[in-house]
Amino acid sequence: MKTRRKGAQSPPAARHRSQRPTMQAILAERSVIVAVVIASGVPSRDRADVEQQVLMGAWRSVRRGMYRPDPTEDARRALRKWLYGISWRKAGHYINSAWVRRAVLTAQPLGRLHEPVGPSLEAQLQAREVLEALASLPPWQAEALLSVDDPESLVAYAKRRGMNPSSAASRLRIAREALALKLRRWRR
């Protein structure tokens, strides 16, 4: 039996059922994210990176069942408020990080790093390009591509939507081809 300190409170229970907005619904509210990032003072060179962190953080939270809006509130307004909170926290973490506070730009760095720290600039640009291409796909294709990252199998994904697993696999194949085609066109 686990005992609690005197006066300690138990964590609050979830008040409302978990909901799963689509990535398209989250992407449709990018204006809220951008407005919070700009208002928080994130430099323009880093805004797209912080925006990407917000989108990925929101999507991970949705997948873990952490989006629990009040059912009496307007769905879009609840989503915008939730994204506002995530954006505000991510921008705050960025602004208050030691790297940002202590970064000193100089023409002559003191030494060379033997190994790069963090993801390369090229990898960051490629990730941003893929995210933009994903946002420009039709909703059913984006949903099929994002289903690959779900912990459930493709068969469970198909059953949840009331479709044949072969149809789900076909949709996934078509969506992958559409994404690859879009990326090829953009890179030319």
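Bear in mind that the values in this text are calculations on the coordinates, not laboratory data. Because the structure is a prediction, the values reported are computed rather than measured. Glycine gets a Cβ as well: all are built from the backbone with ideal geometry, and neighbour counts include every protein chain shown.
Assorted remarks:
- Neighbour-count ranking [beta-carbon atoms within 10 angstrom, fewest first] of Glu129, Glu122: Glu122, Glu129
- Gap separating the Cα centres of region 38-68 and region 126-152, nearest whole Å: 16 Å
- Filtered trypsin sites (Lys or Arg not before Pro), region 115-181: DSSP coil and at most 15 other beta carbons within 10 Å: Arg161
- Additional length obtainable on full extension of the chain from Arg187 to Val130, 0.36 nm per residue less Cα span: 19.4 nm
- Relative contact order computed over region 133-188 (Cα-Cα under 8 Å; 6+ residues apart), in percent: 41 percent
- Shape of region 18-104, Cα gyration tensor, a/c cut at 1.5: prolate
- Over region 18-104, relative contact order from alpha-carbon pairs under 8 Å, at least 6 apart, %: 42 percent
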